[in-house]
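Student: Below is one structure. I have some questions about it.
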Amino acid sequence: MGQLGDGVTYGTGTPTAVLGGLAFAALTAGGSVTCGVTTAGAGYCWGGGQLGTGAPVVAQTTPAPVLGGLAFTSLSANGINDHICGVTTTGLIYCWGRGLEGQLGNGATADQPTPVVVSGQR
């Protein structure tokens, strides 16, 4: 569903470059989504599912910026429950994606198409 980030929705047996000319410091993959943190701390996601872009669930075949203007140090994708969480440079944790079982940590059980802060942080 586009999680290779090379502009297509099918797989390949050889390494392929992620489109967009971005320099990534870290990557995470889970289920049908791949996300990365650029060397400047910006979050990008691609693939299928809630990508943090505010868009409906569709196949995003190239990196799309995560909304909110947050600077991340790391991101982690969970393929089982289809959600992503990230630690910002200020030390706060934000999550987005599927939230039916409360896994986003914001006290709700609804899906979130953009990052929401995890409750109870100091």
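The values are calculated or read from the model by the stated rules, or taken from the named source; none is laboratory data. The model shown is predicted, which means the values in this text are computed figures rather than measured ones. Because the Cβ atoms are built from the backbone with ideal geometry, glycine has one as well, and the counts that use them run over all protein chains shown. Note: areas computed on protein heavy atoms with side chains; ligands, DNA, RNA excluded. Shrake-Rupley method; radii C 1.70, N 1.55, O 1.52, S 1.80 Å.
Student: Between Thr34, Thr88, Thr16, where does the largest GNM mean-square fluctuation fall for the chain, given springs only between Cα atoms within less than 10 Å?
Tutor: In this elastic network of the chain, the residue with the biggest mean-square fluctuation among Thr34, Thr88, Thr16 is Thr16.
Student: For the range 15-122, would you read off the P(r) tail past 16 Å as a percentage of all alpha carbon pairs?
Tutor: 52
Student: What is the percent carbon and sulfur in the accessible area of the chain, measuring with a 1.4 Å probe over the protein chains and ignoring ligands? Working shown, then result.
Tutor: Values: 3410 of 6100 Å².
Carbon and sulfur together cover 56 percent of it.
Student: Follow-up. Can you tell me the length gained on complete extension of the stretch Leu22 to Leu92, counting 0.36 nm per residue apart and subtracting the Cα distance?
Tutor: 22.8 nm
Student: Counting Lys and Arg as +1 and Asp and Glu as -1, what is the net charge of the other residues whose Cβ lies under 15 Å from the Cβ of Leu51?
Tutor: Cβ neighbours under 15 Å give a net charge of -1.
Student: By its C-alpha gyration tensor, with a ≥ b ≥ c as the square roots of the eigenvalues, how is the range 83-122 shaped: rounded for a/c under 1.5, else prolate for a/b larger than b/c, else oblate? It would help to have the intermediate numbers written out before the result.
Tutor: On the way: a/c = 2.70, a/b = 1.58, b/c = 1.70.
Verdict is oblate for the range 83-122.
Student: If you roll a 1.4 Å probe over the heavy atoms of the protein chains, what accessible area per residue do you get for the chain, in Å²?
Tutor: 50
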